[in-house]
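Visitor: What follows is a single structure, and I will ask about it in a moment.
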Amino acid sequence: MCSESTNTHKRQKRMLPEKPTGDPDFFESLPDDLVLSVLTKLSSTATSPSDFISVLITCKRLNGLSLNSSVLSKASNKTLSVKAKNWCDSAHRFLKRCVDAGNIEACYTLGMIRFYCLENRGSGASLMAKAAMKSHAPSLYSLAVIQFNGSGGTKNDKDLRAGVALCARAAFLGHIDGLRELGHCLQDGYGVKQNVTEGRRFLVQANARELAAVLSNGNNKQPLLTWNINPVPSQPPQLRIISGSSGCPLLSDFGVIFRFKRLTRRTGL
């Protein structure tokens, strides 16, 4: 009888939870699915590679989950935009892992780096083509430029018709440079039957979209660009840049030169 009570007491003692020796680690209690969801959101919205890397090096668990294919496949172009001065083997391996995870932006970025910087033309073009097949507009336009210039080959390797076709596809997807290049091709009859009217229409669309993109990046409280109507009676209206803005990259396709005048605050000093 005494032996049974002793055994029961021992079993109950073993079943009692151990007292915590320090502060509880709530992070370790979070399920992986929840952490992966947060990391995926981070990789897709980060404004620089450091935003993502700083989390990756925090601890062993975050490092492992950050390199999960579901996270890397959603990494944005800003997360992948490694500066040239920071380029190293580990950055190359990171981009390669993103490519293996199916990240289209990584295919384009690594493809451009290999083609133009590492002079690995075949591998670079292959990665860009992989992204282009997924309707990635910048990849389509980059491949068009390669076809126009015969990059990585000889002058005989130029394929103007293929370049125009790639440009048209990029333009259809809303790529401004592709739209402008297609306009020039049609206007000049470069690789396609000349159609001046249609070409100029595309050029107007490209410039309008570019200007709209610049304006959308301005301060909502103060317009980025303003027209100064008839500053001098004998001169045309001038486009002014509000002080503190970076300017407008609008190209003058029709011989129109915008005269930028930076506004400054006048004081009585």
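Values quoted throughout were computed directly from the atomic coordinates according to the rules given, and no laboratory measurement underlies them. Keep in mind it's a predicted model, so treat the numbers as computed, not measured. Neighbour counts are summed over all protein chains in view; Cβ atoms, including those assigned to glycine, are modelled from backbone coordinates with ideal geometry.
Visitor: Subtract the Cα-Cα distance of S126 and V145 from 0.36 nm times their separation in residues, and report this length gain in nm to one decimal.
Guide: Result: 5.4 nm gained on full extension.
Visitor: Given points 7 Å out from each Cα along the Cα-Cβ axis, report the H184 to K41 separation in nanometres with one decimal.
Guide: Each label point is offset 7 Å from its Cα along the Cβ direction, giving 4.3 nm.
Visitor: Which pairs, out of K41/K85; K96/K130; K60/K130; K83/K130; K74/K96; K78/K130, put more than 25 Å between their alpha-carbon atoms?
Guide: K41/K85; K60/K130
Visitor: I've got another one for you. For segment 92-105, what does the Karplus curve 6.51 cos²θ - 1.76 cosθ + 1.60, with θ = phi - 60°, yield as ³J(HN,Hα) per residue in whole Hz, taken in order and with x for Gly and Pro?
Guide: Each residue of segment 92-105 in turn: 4, 5, 5, 4, 5, 5, 5, 4, 4, 7, x, 7, 5, 4 Hz.
Visitor: Below 8 Å, C-alpha to C-alpha, sequence gap of six or more: please give me the relative contact order for segment 82-173 in percent.
Guide: Here the relative contact order equals 19 percent.
Visitor: Extension gain S48-M133, at 0.36 nm per residue separation less the Cα-Cα distance, in nm?
Guide: Working: separation 85, 0.36 × 85 = 30.60 nm, distance 2.65 nm.
Residue separation times 0.36 nm, minus the Cα-Cα distance, leaves 27.9 nm.
Visitor: In Å, the Kirkwood hydrodynamic radius of segment 135-216 over pairs of distinct alpha carbons?
Guide: 12.7 Å is the Kirkwood radius here.
Visitor: From the phi angles alone, apply the Karplus equation (6.51, -1.76, 1.60; θ = phi - 60°) to segment 150-159 and give each ³J(HN,Hα) in whole Hz, x where the residue is Gly or Pro.
Guide: Going residue by residue, I get x, 4, x, x, 10, 4, 6, 7, 5, 9 Hz, with x marking Gly and Pro.
Visitor: Counting only other residues whose beta carbon sits under 15 Å from that of K60, what net charge do I get with K and R as +1, D and E as -1?
Guide: Surrounding charge for K60 is -2.
Visitor: Could you check the simple spin-label distance between S216 and N195, using points 7 Å along Cα→Cβ, in nm with one decimal?
Guide: Label at S216, label at N195, 2.6 nm between them.
Visitor: With label points built 7 Å along Cα→Cβ from the Cα atoms of S90 and V204, find their separation and express it in nm.
Guide: So the label points at S90 and V204 sit 5.4 nm apart.
Visitor: Once you charge only the Cβ atoms, +1 for Lys and Arg and -1 for Asp and Glu, what is the size of the charge dipole of segment 135-216 about its Cα centre, to the nearest 20 debye?
Guide: The dipole magnitude comes to about 140 debye.
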